[in-house]
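The values are calculated or read from the model by the stated rules, or taken from the named source; none is laboratory data. This one's a predicted model, so the numbers in the text were calculated from it and none came from an experiment. Cβ placement follows ideal geometry from the backbone for every residue including glycine, while neighbour counts extend to all protein chains displayed.
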Amino acid sequence: MHGTDDDDWLTERSRVIGDRIRAERDRQHITQERLYLGAGISRDVLQRIEGGRHNPTLYTLLRIARVLDVPLADLVR
């Protein structure tokens with residue numbers, strides 16, 4: 001059954017994914033600008049993804065993973 005618990009789980013997963021993207025970007029010393037331009041997304045979208053406040057498409061996540069040169073699984077596991 002779906003409901004509030006699922007929404008809470010999805011919100012938490014979004015935060016975790018955003019944290020992983022930001023941590024990997026920071027680890028590689030990649031600026032937000034380099035990442036959002038390389039991924040073909042806006043700065044606002046990247047900031048919302050990193051903040052766990054955006055539901056990115058699979059294509060967006062794949063583009064981010066490509067720019068960071070990491071497997072998508074590393075960001076969403």
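Computed quantities for the displayed model
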item	result
Members of segment 44-73 found to be under 17 Å from Gln28 (Cα atoms), touching a Lys or Arg at 6+ places or on another chain (Cβ under 7 Å) and not aliphatic (A, V, I, L, M), listed by number	Glu50
Residues located in segment 1-48, provided they are in a helix (DSSP H, G or I) and aliphatic (A, V, I, L, M)	Leu10, Val16, Ile17, Ile21, Ala23, Leu35, Leu37, Ala39, Val45, Leu46
Long-range neighbours under 6 Å by Cβ, at least six apart or interchain, first residue free of Cβ contacts under 8 Å to residues at least 60 places away in the same chain within segment 12-39, second acidic (Asp, Glu)	Gly18/Glu50; Ile21/Glu50; Arg22/Glu50
Search result, residues across segment 49-77 that are assigned to a helix (DSSP H, G or I), surrounded by fewer than 17 Cβ atoms within 10 Å (Cβ to Cβ) and of a type outside the set (Val, Ile, Thr)	Leu58, Tyr59, Leu62, Arg66, Leu72, Ala73, Asp74
Test set (1) out of contact with any Ser or Thr (no Cβ under 7 Å at 6 or more places or on another chain); (2) at pLDDT 95 or above - Ile41 fails condition number	(1)
